[in-house]
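Any read-out appearing in this document is the output of simple, stated calculations on the displayed coordinates, not a laboratory observation. None of these values were measured; they are calculated from a predicted model. Positions of Cβ are generated from backbone atoms using ideal geometry, with glycine treated the same way; all protein chains shown enter the neighbour counts.
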Amino acid sequence: MPRRLEPPPRGSYEIICPYCKSKSPFLLSGDYSGASCPSCGQRFRVFVATVRAKRGRTSGMSREYYIRTITLSGEGVLRFVDYGGSDLDLRSCDVMYASFKLGENGFFANSPSILCNATTHQFTEIRPPPPRPKSRCFIVTVTCGHDSWEVETLSSFRDNVLSRNRIGFIFVMLYYRISPYLAFYIMKKEKLKKGIRKTIVFPIAFVTSKLFR
């Protein structure tokens, strides 16, 4: 098992740009090196290391990477979540690199956009988390109000329980397709709103708060 970063072939690494996906040779000076793509001109950062071990854990539609690395400065851990659910093969002694985009705030992202096994010349794109819906639980919001405890309870249940498994994630996506139309219809009928809150929303929120406190 190597205790140091293996030298690159022919003195440079072929790095894939996280923006335009073009590949260019780069000379890297440390664990993290700044780079500028000659094709698109975008700036990004590259982390290169020898793999000591890799573990992964799937949760719903995402996969968590836990990679123990050996770099020029010593041993460390690279940890991030891919919301595309990929599982790039990284074995002990393989050379890997990760490319990080530059954010709008002028800082480089914490999670890479490209993860590559430089030994086998395979790579994968790391997907960011899906954007959170601008609206909260549509039907619950219409029947109970934005600041109600029912909205807080069911929103928390959606984010911390349903969205973390495959079946729950699919249910949430279906709900966001259908519920805006139902909410629009319910919004105009006061008696229907009160009835739905009393007979459907309140019992579900109450049981959820007890079971998933």
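Remark: Ser156, Ser99 ranked as Ser156, Ser99, counting other beta-carbon atoms within 10 Å and listing the fewest first.
Backbone phi angles across the range 74-86, fed through the Karplus curve with coefficients 6.51, -1.76 and 1.60 (θ = phi - 60°), yield HN-Hα couplings of x, 9, x, 9, 10, 10, 6, 10, 9, 7, x, x, 6 Hz in residue order; Gly and Pro are listed as x. Projecting the Cα atoms of Val201, Phe108, Ser62 onto the charge dipole of the chain (Cβ charges, centred on the Cα centre) puts Val201 farthest toward the positive pole.
Over every pair of different alpha-carbon atoms in the range 138-211, take the mean of 1/r and invert it; report that Kirkwood radius in Å.
Result for the range 138-211, one decimal place: 12.7 Å.
The alpha-carbon of Lys54 sits under 29 angstrom from the alpha-carbons of these lysines, leaving out residues fewer than 8 places away in its chain: Lys21, Lys23, Lys101.
Taking the C-alpha atoms only, the angle from helix 149-160 to the longest principal axis of the chain is near 30 degrees. Evaluated at q = 0.10, 0.17 Å⁻¹, the base-10 log of the normalised Debye intensity for the chain, with identical point scatterers placed on the Cα atoms, takes the values -0.60, -1.07. Straight-distance candidates among the lysines for linking to Lys188, with alpha-carbon spacing under 23 Å and chain neighbours fewer than 8 residues away dropped: Lys134, Lys198.
Shown in residue order for the range 97-114 are the 3J(HN,Hα) couplings computed by the Karplus curve 6.51 cos²θ - 1.76 cosθ + 1.60 at θ = phi - 60°: 9, 10, 10, 10, 6, 8, x, 5, 7, x, 10, 6, 5, 6, 9, x, 9, 10 Hz (x for Gly and Pro). Take Arg43, project a point 7 Å from its Cα along the Cβ direction, then tell me which residues of the range 68-101 have their backbone nitrogen under 11 Å from it. It comes to no residues whatsoever. Simple point charges give the picture: +1 on the Cβ of Lys and Arg, -1 on the Cβ of Asp and Glu, and for the chain a dipole about the Cα centre of about 880 debye.
For the chain, the list of Cys residues with no other Cys C-beta under 4.7 Å reads Cys93, Cys116, Cys137, Cys144. Taking the helices alone, the chain has a mean residue ellipticity at 222 nm of -8500 deg cm²/dmol, built from -39,500 (n - 2.57) per DSSP H run of at least 4 residues and averaged over all its residues. Counting beta carbons within 10 Å around each of Val51, Val207, Val172 and listing the fewest first gives the order Val207, Val172, Val51. Each of Ser36, Ser86 has some number of other Cβ atoms within 10 Å of its Cβ, and from fewest to most they run Ser36, Ser86.
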